[in-house]
Amino acid sequence: MKPLAVLYMDSSTYYPADLRERVAAVRIFELEKQNEALSIVIPWSIQEDTLLLPVGIKNYIEKYIESQICTIPVAFTDEEQRQKQLIRYILYGDRDLNPGEEIDIDRIFEALAYHAAFFVTVDKKHIFSKAHQFLQHFKLQVMSPSQCLPIVEQYLKKKQANYADLYKKNP
């Protein structure tokens with residue numbers, strides 16, 4: 001069965017500091033394992049991102065992703081380069097990027113490339129503040145695990161293939 005709901009889970013959601021977000025993220029991962037109608041896109045950089053986590057959490061994440069398909073870094077077409085430039089501008093304007101900021105651009109781009117309905121993150125500093133712009137330009141909904149979980153649960157309970165149900169009615 002083709003997944004009906006696609007979520008891009010930013011690596012920040014794999015072990016968020018906030019307990020409520022952590023519980024919601026784990027529940028989303030559990031739902032994905034139980035439902036073919038839900039698919040989670042795993043960033044290609046997840047293994048690098050988990051290097052600094054505690055061993056138990058790192059092992060849990062590695063066990064989860066061993067059965068998943070991760071994204072892969074690829075070359076970009078001219079149109080994709082333009083799209084990445086718009087993402088960069090939304091996130092950081094015209095200023096020079098600081099170390100590590102390029103990855104935020106790549107992750108938003110990956111979510112779009114994999115047709116994700118949601119970009120799930122706990123990165124409030126850069127990404128949440130621009131959520132409305134991502135919805136406006138790309139129809140990509142940025143939200144935390146605790147915001148995403150009830151929407152996904154409701155969608156899966158309906159058991160109907162209406163992808164539009166996932167999108168906000170009034171952005």
- Note on the structure: Between residue 157 and residue 125, the two model label points (7 Å from Cα along the beta-carbon direction) sit apart by a distance in nm of 3.7
- Ignoring everything but the protein chains, give the 1.4 Å probe accessible area of residue 138 in square angstrom, nearest 10. 40
- Query: So how much slack lies between residue 44 and residue 76, counting 0.36 nm per residue of separation and subtracting their Cα-Cα distance, in nm?
  - Reply: 9.9 nm
- Under 5 Å, built H, 5+ apart or other chain: amide partners of residue 122: 12, 13
- Largest to smallest accessible area among 115, 132 [probe 1.4 Å]: 115, 132
- Going down the table (33/158; 130/157; 33/63; 84/130; 63/84; 84/124), which pairs top 22 Å between alpha carbons? 130/157; 63/84
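The values are calculated or read from the model by the stated rules, or taken from the named source; none is laboratory data. Model, not experiment: these values are computed from the prediction. We place every Cβ from the backbone using ideal geometry, glycine too, and count neighbours over all the protein chains shown. Note: accessible area is taken over every heavy atom of the protein model, side chains too, but ligands, DNA and RNA are not part of it. Shrake-Rupley method; radii C 1.70, N 1.55, O 1.52, S 1.80 Å.
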